[in-house]
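> Please see the structure below; I have some questions.
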Amino acid sequence: MQRLLRTNRERLRRGLNWLWEQEGSAGQRARGLAAGVFCGCFPFFGLQIVLSVGVATVVRGNHLLAAAGTLISNPLTYVPLYWFNFLVGSRLLGPLAGADLDDVNRSNLWDQGWDVLQRLLLGSTLVGAVMALALGVTAFLLFRRRERQLTPVRAMSITSAMERIWSMVRVSWSEPRNSTRRSILAGLPTAAFT
């Protein structure tokens, strides 16, 4: 049991690291994730990833995170998510006429199917929009915070690299051999070499 927990914890850690290391700005990554969550709330099995990549393209988000965001709907969450979406749609459009299971027969099954689908799609749109907005803002704030934590380290390493390059240039050009080097050195401010 502990081995299983350790393995799952390691998989979760690798998945989160993969999420943090995606390309793009914080906004692009957050928009991609939000697009995936939005499309993951719809009951279009097999098309969710394609739709999420299309939406991510429109909103200029990260495509891989859009595909990963569709995992909000998975075999464990299908029934609760779509049931909740249906309830939200029913709340807005009103309850189904003849919702009693005893009234369902072949003649009115298609009519009731369209009524169910309308409620499910409306609920999916609203729930998806709210979840995408909430998760997108949260992801943006987390990604931006992570970028700000990493930026000073990168800037410091770039600065130290530039100082090292300038010191090498200064050493190699310290004794000018011709008039071109002397004129170049004379035109540079001395602060550039310190």
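> Of the numbered conditions (1) outside any helix (DSSP H, G or I); (2) open to solvent by 60 Å² or more (accessible area, probe 1.4 Å), Gln28 satisfies every one except a single condition; which is it?
(1)
> Another question, then. Might you let me know whether segment 84-91 holds any residue that is of a type in the set (Gly, Ala, Ser), farther than 28 Å from Gln28 by Cβ and either surrounded by 15 or more Cβ atoms within 10 Å (Cβ to Cβ) or at pLDDT below 90 (or both)?
Yes, segment 84-91 contains at least one residue that is of a type in the set (Gly, Ala, Ser), farther than 28 Å from Gln28 by Cβ and either surrounded by 15 or more Cβ atoms within 10 Å (Cβ to Cβ) or at pLDDT below 90 (or both).
> Then there is this: Out of everything in segment 31-65 that is under 21 Å from Gln118 (Cα atoms) and open to solvent by 80 Å² or more (accessible area, probe 1.4 Å), what residue ends up being farthest from the chain's Cα centre (by Cα)?
Phe45
> Identify the single condition in (1) more than 12 Å from the chain's Cα centre (by Cα); (2) at pLDDT below 90; (3) open to solvent by 30 Å² or more (accessible area, probe 1.4 Å) that Leu16 does not satisfy, given that it satisfies every other one.
Every condition holds for Leu16 apart from (1).
> Just checking, how many residues over segment 127-150 are over 18 Å from Ser25 (Cα atoms) and without any contact (Cβ under 8 Å) to a residue 40 or more places away in the chain?
2
> I would also like to ask the following. Quick one: which of Ala56, Ala68 is of a type in the set (A, V, I, L, M) and modelled with pLDDT of 90 or more?
It is Ala56.
The values are calculated or read from the model by the stated rules, or taken from the named source; none is laboratory data. Please read these numbers as outputs of a predicted model, since none were measured by experiment. All Cβ positions, even for glycine, are placed from backbone atoms using ideal geometry, and neighbour counts span all protein chains on display. We work out accessible area using only protein heavy atoms, side chains counted, and drop any ligands, DNA or RNA first. Shrake-Rupley method; radii C 1.70, N 1.55, O 1.52, S 1.80 Å.
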